[in-house]
């Protein structure tokens, strides 16, 4: 029974640390985060929806490494970092919220949905990895 317990019940911090490292390794070729939380995309060929989700995911992951970096990101930061007009950013964000990939935590503030991150980073690597590398 103890084997089953260890398989199923995990220490949240250990689980979070292992996953954070794995996810960062998968997205590090596509995005970097400044010490102030600013987003630097390393790939231009990505569609706008994926760019937004990547930015939101990267900020979330950066917060796991450095608590001084906010895990949430604002609409204005997304627009500025990705050079997107407000109507485009808002429309793509709405799609991501409807798809439950991100969530709105308050007006104009968004955060990644943790259990969706693995699926997204795998998609990014499959879709853009060879083109980018």
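Please treat every number below as a calculation from the coordinates, not as lab data. These figures come from a predicted structure and were not determined experimentally. No Cβ is skipped: glycine too gets one built from the backbone with ideal geometry, and neighbour counts run over all protein chains shown.
For the residues 89, 28, 107, a GNM of the chain with alpha-carbon springs under 10 Å puts the largest fluctuation on 107. Potential lengthening of the chain between residue 105 and residue 65 amounts to 12.3 nm, from the contour at 0.36 nm per residue minus the alpha-carbon distance. Dividing the summed -39500 (n - 2.57) terms of all DSSP H runs of n ≥ 4 by the residue count of the chain sets its mean residue ellipticity at 222 nm at -18500 deg cm²/dmol. Roughly how far apart, in whole Å, are the Cα centres of segment 19-84 and segment 91-119? After rounding, the separation between the Cα centres reads 13 Å.
With both labels modelled 7 Å from their Cα along Cα-to-Cβ, the residue 90 to residue 41 distance reads 2.0 nm.
Rounded to the nearest angstrom and listed largest first, the equivalent-ellipsoid semi-axes of the chain from its Cα gyration tensor are 26, 17, 15.
Rounded, prolate or oblate: pick one for segment 59-133, where a ≥ b ≥ c are the square roots of the eigenvalues of its C-alpha gyration tensor, a/c under 1.5 means rounded, and failing that, prolate if a/b is larger than b/c, else oblate. Don't jump to the answer; show the numbers that get you there.
Working: a/c = 1.44, a/b = 1.18, b/c = 1.22.
It comes out rounded by the Cα gyration axes.
At q = 0.11, 0.16, 0.19 Å⁻¹, what is the log10 ratio I(q)/I(0) for segment 1-75, with the Debye formula run over Cα points and no solvent? The computed values of log10 I(q)/I(0) come out as -0.35, -0.62, -0.78. Taking other C-beta atoms within 10 angstrom as a stand-in for reagent exposure, 127, 67 fall in the order 67, 127, fewest first.
Packing-based ranking of 52-62, 109-119, 36-46 yields 52-62, 109-119, 36-46, ordered from highest to lowest mean Cβ neighbour count within 10 Å.
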